[in-house]
Structure formats: structure tokens, C-alpha cells
């Protein structure tokens, strides 16, 4: 399998604290790859390093063979690297249709165009509505986002990223705060994602991780402890000790 | 566009189209603006000022109401446009339309140049930087008396008739017609921008800048364009003021002017396109009426009105009007529903 996203010896310090310590990670084409680790392991920091929200102290980020370490966030998105947020980052006063249409317009490179009328661009709106339909959000397409139930907002969070036609999708705890039955539904939608999209998932809920992921990387204190298939990870003694072990005690 | 109806989700697109289309109250507003020319011939000087300040507030709405950039120094562009048009006319080029364009362009240029300073940092930084730029410009205009007339203002501005036909008169007939046409054309442009993909991106930046970065939008570039556009529009408003009053003084660059336009916009309701126009009408007419009733203390009543409005009507006068329309709408449909038998 070809590698789409790769980090080489990535380092990030906050003062004396190493939040990413020599992280070399590869994400393969069409991957369903989970990144797990105890709180404070540096998972979200790694996402921020990948998207360009943070700059590393050393090391490289490579997307489809191109070194993008120095590139600004928006350039990386244009190359096909999209993310969602652990805490909703939506447009509260806009409707889901407007929000996704904005994302579609951005993907088409149209947000710099101030003469054409958005509402006349039937194709873009059609694409936005189709995506909302696919994620079962069409029935609330015209309601202000801030009035939607939390679970719906979490789905919209994903819809905004999917509208960008990503090659790699970084999902930062997509089910955070979602009730259990709804999170199962959310993961059912994620399972329908096309194989052309590689998914790198950060998730706390082990059941969801083992249901979704085909490859798992365990991050502890900024370093990769171990990686492998779900079977290998669940059988690994070190993982049980630092991560799964917590659940046994807790 | 019949092709659109082959698309599966045409109803969704239709809803957005309907939301962006002209509504009856909008049409009524502009018809009233035209009717005022015939119905209020003795108040056209006052109404010209309403149109000018409305255009000025519209320009602030573009950056504050849509893009979310707070400014306490928007008069910098208004004043610069005013002085540019005035100096041009004073030096023998009294052709109004080109003077107007020059005023807008000079202000847009200043907007573009200062946008890189302004767009850095948080709201508080922006307040201070915009205020600082405007104060500096005020003192520069105060200092270079040979060009601006300093504290005495710019004297001896004479303008040629518009298109060689309509000369400016004492009753403000030409001034009002000219102002309202310029206002309407710029309003059309602003309306178009707001309903474009770019306009949606501006709203996105205001609502959640962090997400816009994650969507891959070059946020700063979008804001630079908005700031430049708004500066140009403010410059047009300033030039319009100079041309319609044939005078310009330091007042156009003062902190008071920046504060006044902000008050007008908040009073009318920001982020609504019409808020600036309604606010301008309300404030200037209220000033006129109250200063007639109570020449010394009218500002007291204006102060009370502001406080009452902020507490009672979030979203300003436009918010109040929209609430009233929604209520009427509900009443109307309530009466139409046969469910009560």
C-alpha cells in the first residue's frame, strides 16, 4: 500500500516538556488508522503539527511525497489534508446547508470570488445538500447550527471536512460527548466513507477504536510506544500496562 | 437557469435563492427614498446628509457586521476621501464624478496599506491601531495647512455640474439626487458581495475564524480585500459629503466621526446591510427634531435612546423591525389556519 501521509522524526517542545518526541508515523492510502494513548500523550498536538496549526521544532511532515513541513495551513488543506476538531468548531449562526456550501465553495476555490451569486451556483449547493443527505443531516439543513442537537453538530463537524474532498481525514475524537447510541450511528456513517480517503482517528473509546480501525498506533508521553493491528495491540503487554490497564483499575 | 432543476436537490438551492432575493420591504425602502425627493423638498439638505452617513455606515457594516473587524478609526477613510475630492475641486478640477472616484481610490489605497497593521492581533489591538491611524491622519491634516486649510477647513471648493447638466443648488435637490444614486449603486455592489461565495466566507471568518483556517481559506487575504473595499466605500462617502456641501473641515477625520458612524451602525443593526441606512436616518432625524425641541440638551435624549435600544432591542432598529415583521407574519398565518374552526 502506498503511503499518503508520513512524519519523520517529528519533535515539538513546550518549554522543557516534549509533546512530540521523535514521532515517525506513516498513514497508508485508504487507511483506517487510530491514534490512541492516555490523556496528555500528545495526540491533539500531533494533529496540530500535521495540519500546520503548530510548527515542529524538528522533523518533517510529508504528504503524498511532498515535504509540507513549512507550508501554511490553507496550502495543506488544498493538498487534501482535512481535519475535524475535538471541540466543535462550527458556524453557529449559519445553517448546515450554508456551512457545507461554504466548505464546497472553498474546495472549488471560489471563496475569493465576490461577483457570482452563491445561490445561483446550483451545482455547489447540490453537492452540499447531497453530502448533508448522506450524513442524514438534510432534514435540518435550513435551521441555524446553534439550534441543532449536539450529536447533529458533531456530524456537521465531519461534513465540513468531507466537503473538502480530503485524501487524508484527521478525526479528533469525533464522538466526544455524543451519547452511546448516537456514537454508534456516527461510526456507521464513518464506515461508509470511500476507500479513497485515508482516515487518521483519535479516539478514547476503545470499543469504537477496535470496531473501526485496522491499524493502531499507541502514543505515550509524546513518543510512539507500539503500533500494529487491533489484535496485536490488544495482546501487547506494554499497551495493557500503560493504557488498557487503566481501565482495569478504574 | 432551467438546468438547475435537473439537479436532485433543486429545492435546497431554491430556498437559498429565495433568501437572497429582493423582499417587499426592501423595494418599499428605496421607493420611499425616491418619493422623499418630491414629498420633502424643504428637507433635501438634511436627507443628503442621511444618505452620505448611510453610505459611510454601510462601509463599516461590511467589515464590522460581516467580516467582524472592529474599528474605532473608520473616519480616516471618510476624511481622506473627503479631502481628496475637496483638494481636487479647489485646484480647478471640479468634475464631480471623477472627483468621487479619486476620493474612493485614495481611501482604498490607504485601507490596503494599513490593513496589514490592522488585521494583526485581537479585537482590542484592532481598536487601538485603527484609532491610532485616524488620530495620526487628523494631526497631519491639521499640520499641513497649505493643503488642507488646517483648522479653518478647506475653502473655495467649486464644482461643475454633474455630467455638465445638473448644477448643485442651495436646496439640495441635485445633492440629494446625486447622493441617493451613488448610495444605491454602492448598496447594490455591497449586496452582491454579501451574497457571493466571498461574502459567505466573510461571515464564516466572523463566526469562526479557526474553522476557516481549517477549511483552507487564506483568511488574512480575504480580510485585506474586505478592509480595502470598505475603506474605498468610506472614501466615496467622504467625497460625497465634500461635494454636496462644498466644504470640508477637520471634523471628517475626528474621533467623533468614527464614533458617530459606529453608533449609527449599532443603532440600525450591524450585519444587515440596511442597518447603517436606517440608523443614519434615525440618528440624523432625531438630532434634527430634538435640537428643535431642546436646543441645549438634545444629546441627553439621544443618550437615553441609545441605552434603551441596546437593552430593549438586540440587533438595533433592524432587529426590532424584523421581530415586528415576524410577529405580523405569525399573526397573519395564525388567522389563515383553519385549525381553530
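The values are calculated or read from the model by the stated rules, or taken from the named source; none is laboratory data. Just so it is clear, the model here is predicted, and its values are computed rather than measured. Cβ: placed from backbone, ideal geometry, glycine included. Neighbour counts: every protein chain shown.
For the stretch A:191-237, filtered to residues that are part of a helix (DSSP H, G or I) and in contact with a strand residue (DSSP E or B) (Cβ under 7 Å, 6 or more places away or on another chain), the residue that is nearest to residue A:10 (Cα to Cα) is A:233. When the test is whether a residue is at the interface with chain B (Cβ under 7 Å from one of its Cβ atoms), in a loop (DSSP other than H, G, I, E, B) and at pLDDT below 95, residue A:174 does not pass it.
Residues in the stretch A:131-149 that are surrounded by fewer than 17 Cβ atoms within 10 Å (Cβ to Cβ) and without any contact (Cβ under 8 Å) to a residue 40 or more places away in the chain: A:133, A:139, A:147, A:149.
Just one residue in the set B:19, B:57, B:67, B:75 is within 14 Å of chain A (Cβ to nearest Cβ), surrounded by 20 or more Cβ atoms within 10 Å (Cβ to Cβ) and closer than 28 Å to residue B:225 by Cβ; that residue is B:67.
Within the stretch A:135-163, the residues that satisfy the criterion of being in contact with a strand residue (DSSP E or B) (Cβ under 8 Å, 6 or more places away or on another chain) and within 12 Å of another protein chain (Cβ to nearest Cβ) are A:161, A:162. Might you let me know whether the stretch A:127-134 holds any residue that is under 15 Å from residue B:18 (Cβ atoms) and either at pLDDT below 90 or more than 7 Å from chain B (Cβ to nearest Cβ) (or both)? Within the stretch A:127-134 (the criterion being under 15 Å from residue B:18 (Cβ atoms) and either at pLDDT below 90 or more than 7 Å from chain B (Cβ to nearest Cβ) (or both)), the answer is no, since none of the residues qualifies. Among the residues making up the stretch A:70-98, a single one is more than 8 Å from every other protein chain (Cβ to nearest Cβ), over 24 Å from residue A:5 (Cβ atoms) and crowded, with 24+ Cβ neighbours inside 10 Å: A:96. The residue that is farthest from the chain's Cα centre (by Cα), among those in the stretch B:280-300 that are surrounded by 16 or more Cβ atoms within 10 Å (Cβ to Cβ) and modelled with pLDDT of 85 or more, is B:290.
For the criterion of being within 13 Å of another protein chain (Cβ to nearest Cβ) and in contact with a strand residue (DSSP E or B) (Cβ under 8 Å, 6 or more places away or on another chain), residue B:226 fails.
Based on what the data block shows, is residue B:202 over 18 Å from residue B:119 (Cβ atoms) and either away from every other protein chain (no Cβ under 14 Å) or under 21 Å from the mean Cα position of the chain (by Cα) (or both)? No; evaluated as a whole, the condition is false for this residue. Note on the stretch A:99-122: among residues that are assigned to a loop (DSSP other than H, G, I, E, B) and facing another protein chain (nearest Cβ under 7 Å), the one that is farthest from residue B:10 (Cα to Cα) is A:112. Take residue A:166 and tell me if it is within 14 Å of chain B (Cβ to nearest Cβ) and over 23 Å from residue A:32 (Cβ atoms). No, not satisfied.
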